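The values are calculated or read from the model by the stated rules, or taken from the named source; none is laboratory data. These numbers come from a predicted model, not from an experiment. Note: areas computed on protein heavy atoms with side chains; ligands, DNA, RNA excluded. Shrake-Rupley method; radii C 1.70, N 1.55, O 1.52, S 1.80 Å.
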Amino acid sequence: MQTMRKIFIIGLLLASMLAPGLTTAQSGVIKGRVFDAETNEPLPFTNIVVWDNPTIGSTSDLEGNFSFTGLKPGYIRLKATSIGYEDIITEAILVTNARTSTVQIAMKPRSVDLEMVVVEATPFRRLEESPVSLRTLGIDEIDKNPGANRDISKVIQSLPGVAQSVSFRNDVIVRGGGPNENSFVLDGVEIPYINHFSTQGASGGPVGILNVDFIREIDLYSGAFPASRGNALSSVLVMNQVDGNPDKFNFRTTLGATDLAFSAEGPLSDRSSLIFSVRRSYLQFLFNLIGLPFLPTYNDMQFKYKLKIDQKNELSVIGLAAYDVNELNLGITEPTEEQQYILDYLPANEQWSYTLGTVYKHFRNNGFDTWVISRSYLNNVAYKYIDNDDRLARTFDYASSEAENKLRFERLQRIGNTKITYGAGAVLGQYGNDTRRSQFAFGELQTLDYSTRLELFAYHLQGQLSQSWLDERLTVSAGLRTDASNYDEAMSNPLQQLSPRASASYALTEKLFLNANLGRYYQRPPYTTLGYRDASGALVNREAGVKYILADHFVAGVELMPDKNSRLTLEGFYKDYAQYPFSLSDSLAIASKGADFGTFGDEAVDSRGEGRAFGAELYYRNRDLAGFNVILSYTLVRSEFKDISGSYVPTAWDNRHLLNFTLTRSLKGNWDIGAKWRLVGGSPYTPYDEERSASRLAWDARGMGYLDYSRFNSLRLGTFHQLDIRVDKQFYFDRWSLMLYLDIQNLYNFQAEQPAVLYNRDENGLPVVLNPGAPLEEQRYQLRYLENTSGTVLPTLGVMIEF
């Protein structure tokens with residue numbers, strides 16, 4: 001690996017020396033359209049300039065169209081100004097010589113002439129509904145984020161309140177909330193899963209599905225959710241995609257450390273465009289080569305079709321699909337102790353999923369309507385044989401599916417300086433599960449064997465009003481939403497799930513703001529919980545009267561914008577949880593259980609769970625601090641839930657301290673460098689129940705030890721920290737582009753301890769039984785603890801060719 005890195009770096013240096021003779025003159029092209037954000041009417045005679053170089057400019061024609069030619073390749077932003085509209089700075093746009101870049105600039109009407117406060121346009125987004133807890137990242141920050149390897153879930157770990165899982169998964173953990181508490185939206189379509197090998201019922205997984213080449217920007221709401229965004233307690237991640245090239249088809253091939261991808265974009269007609277990508281991993285070959293005990297393979301596909309029917313109507317169709325297989329590496333001739341431990345408990349897994357959605361938008365004189373129809377599906381299969389021998393019986397056999405068909409309508413309109421949004425939605429859900437597994441409970445070996453089929457209908461109604469006063473110094477927004485479903489009596493009454501919310505922002509000066517939000521949010525428990533049956537076939541959680549999960553948010557903060565490039569925010573937050581699913585077998589809320597592979601929530605619960613998460617966030621952004629793009633965030637967070645006695649105990653997300661520091665910089669010769677250093681306070685963990693784990697029947701039922709939930713999260717891991725670096729080099733030729741990068745995660749090889757217990761083996765490799773002459777139900781294994789660490793230097797070499 002060291003040799004590979006040296007060769008790559010030498011190659012970059014040689015290429016940079018040869019580049020002056022190979023690259024062509026600046027010939028990047030941007031084409032775009034500027035229009036009224038609420039009516040889609042074109043805005044002629046709008047001035048558009050390159051934000052960092054205002055001497056380069058253009059003016060829109062009668063149709064709102066404009067173009068730039070002869071641009072230097074790289075990332076740029078545009079600034080648009082038009083009489084009667086608020087100035088706007090666009091998201092970052094990638095310019096290359098190989099293709100025409102496109103941008104749609106939606107401008108917001110100015111409701112009054114500002115006499116007292118003139119807010120200068122900046123690239124930092126502020127929304128009436130969400131003046132706090134909203135962070136935005138552009139494609140320039142996504143694409144070259146050190147250590148993220150072009151993965152959305154890892155990119156947002158630079159933002160305040162977002163924790164990193166020490167197990168190096170992609171769990172989205174925001175402000176002390178579990179990975180099951182998030183919602184994901186792609187171009188207006190809700191996406192239930194965004195990771196390969198997803199944890200069913202939660203959001204995590206090791207590798208992201210989404211192709212970041214298609215992402216224009218992302219918005220992360222860690223609070224202050226608009227009424228249009230529901231079924232989330234901790235965060236809403238909104239991702240917006242680019243449109244296809246209107247002039248000609250372009251292609252990109254990407255070779256990474258673990259996969260190969262191909263994408264295409266271009267026009268299908270003079271009013272329609274397409275973007276499309278496919279990807280396949282070769283991770284299984286690498287893992288087999290280095291002797292890892294599991295062999296994962298992932299595949300994905302993504303597309304977007306955009307049709308501009310006319311000036312008042314447009315249609316988008318998006319699709320996202322994944323197919324994942326994880327096999328056990330049973331060909332290891334002499335497995336190490338750690339390899340054998342993993343082989344003993346890890347099941348084989350096959351998973352595939354897709355989302356298909358259509359978004360129709362109709363513009364009116366004072367607003368627009370949006371109709372969204374979508375279908376999502378997940379099929380999840382896992383199994384485990386005794387001694388991993390397929391000639392023997394299975395100790396674990398799981399086959400499950402989830403399907404959701406959704407219809408949603410939203411209308412936005414403006415009356416004077418009042419913004420009004422309202423809408424409704426419906427969901428038809430289907431869930432199936434065939435489970436057979438051995439389990440050790442109440443001192444005996446049991447077999448849980450059940451099949452379930454569940455159909456669920458749910459709906460929501462929502463509305464929100466936003467208005468400014470005092471020459472737009474004060475902006476207030478209030479919304480109301482209700483959700484209901486036919487699952488049980490508690491959930492069917494929409495009055496039981498009324499969720500009001502309100503936000504306010506006051507401009508003390510043109511650069512200093514006071515912001516606040518309070519709101520109540522509901523989330524439906526996962527299908528794995530709703531559809532769980534006991535051995536008799538009863539829907540025990542429906543009989544227990546399971547309810548929507550509830551969280552009340554209180555957020556307040558101050559925001560300072562010293563100049564057009566920088567932003568400083570300080571926010572305090574408090575989340576109060578109620579009606580959380582409470583495990584009847586483990587006597588605790590399931591809030592800490594969502595960060596493992598497999599499934600989440602498929603157990604008997606009731607809705608007694610209560611908890612809280614609170615803390616403060618400091619966030620500093622500067623796009624040009626001595627030439628560096630800087631992201632600095634610090635979060636002080638506590639996360640705890642009540643146990644069966646009513647005492648607060650920390651959750652698995654009670655890291656207390658989260659610190660992220662990211663630096664990136666563009667250099668001459670199309671070089672980019674970056675570094676990110678992260679610190680995560682030690683996570684609480686639960687010690688093993690050595691008495692129960694030593695039981696031969698108990699151990700053989702699951703192939704691993706049992707946690708002692710009477711001492712839930714009573715211990716804590718050490719503090720985790722990691723340094724990631726990245727170097728990029730771009731070559732822009734006349735008709736094609738070459739992009740190379742080296743990304744190294746965990747540069748100084750920090751090792752995180754993760755305790756594990758296993759049984760000793762004799763010289764023949766068989767488990768050591770302390771009392772072999774006793775009856776089987778009394779026999780006990782000889783246990784010991786494995787010095788188990790995770791973390792390694794992980795270099796990624798990437799090559800992207802665009803033509």
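For the chain, the solvent-accessible area works out to 41 Å² per residue, with a probe of 1.4 Å and every protein chain left in place.
Principal axis extents of the C-alpha atoms in segment 742-790 (largest first, rounded to whole Å): 58, 20, 13. For segment 258-386, the share of accessible area belonging to carbon and sulfur comes to 61 percent (1.4 Å probe, ligands and nucleic acids excluded). Shown for the chain are the DSSP H helices of 20 Å or more along their axis, judged by Cα atoms, with a mean Kyte-Doolittle hydropathy of at least 0.0: 2-18. Checking the a/c ratio against 1.5 first, then a/b against b/c, what shape does the Cα gyration tensor give for segment 120-168? Here segment 120-168 falls in the oblate category. Take every Cα pair under 8 Å whose residues are at least 6 apart in sequence, average their separation, divide by the length of the chain, and the relative contact order is 11 percent.
Note on the chain: Kirkwood hydrodynamic radius from all Cα pairs is 28.0 Å, rounded to one decimal.
The 3J(HN,Hα) values that the Karplus relation (6.51, -1.76, 1.60; θ = phi - 60°) gives for segment 515-524 are, in residue order, 10, 7, 8, 9, x, 10, 10, 10, 9, 6 Hz. Gly and Pro appear as x. By definition, a body whose alpha carbon gyration tensor gives a ≥ b ≥ c is oblate when a/c is 1.5 or more and a/b is not larger than b/c, and segment 630-783 fits this oblate description. Legend: residues Tyr459, Tyr781, sorted from most to least accessible area (1.4 Å probe; ligands, DNA and RNA excluded), read Tyr459, Tyr781. Available extension along the chain between Ser67 and Arg110 is 13.0 nm, counting 0.36 nm per residue and deducting the alpha carbon span.
Pairs of lysines in segment 498-599 whose Cα atoms sit within less than 23 Å of one another amount to 4, provided the residues are eight or more positions apart or on different chains. Considering helices alone, the calculated mean residue ellipticity of the chain at 222 nm is -2000 deg cm²/dmol, with DSSP H runs of length four and up weighted by -39500 (n - 2.57) and normalised per residue. The fraction of accessible area contributed by carbon and sulfur in segment 393-525 is 58 percent, rounded to a whole number (1.4 Å probe; ligands and nucleic acids excluded).
Segment 197-229 and segment 251-298 have Cα centres spaced 19 Å apart.
Taken over segment 142-282, the percentage of Cα pairs per 10 Å bin, counting from 0 up to the bin with the maximum distance, is 11, 39, 33, 15, 2. Taking every alpha-carbon pair within segment 552-635, the share separated by more than 20 Å comes to 56 percent. In segment 47-104, Cα pairs under 8 Å separated by at least six residues give a relative contact order of 30 percent. For segment 436-527, averaging the sequence separation of C-alpha pairs within contact (under 8 Å, six or more residues apart) and dividing by the residue count gives a relative contact order of 19 percent.
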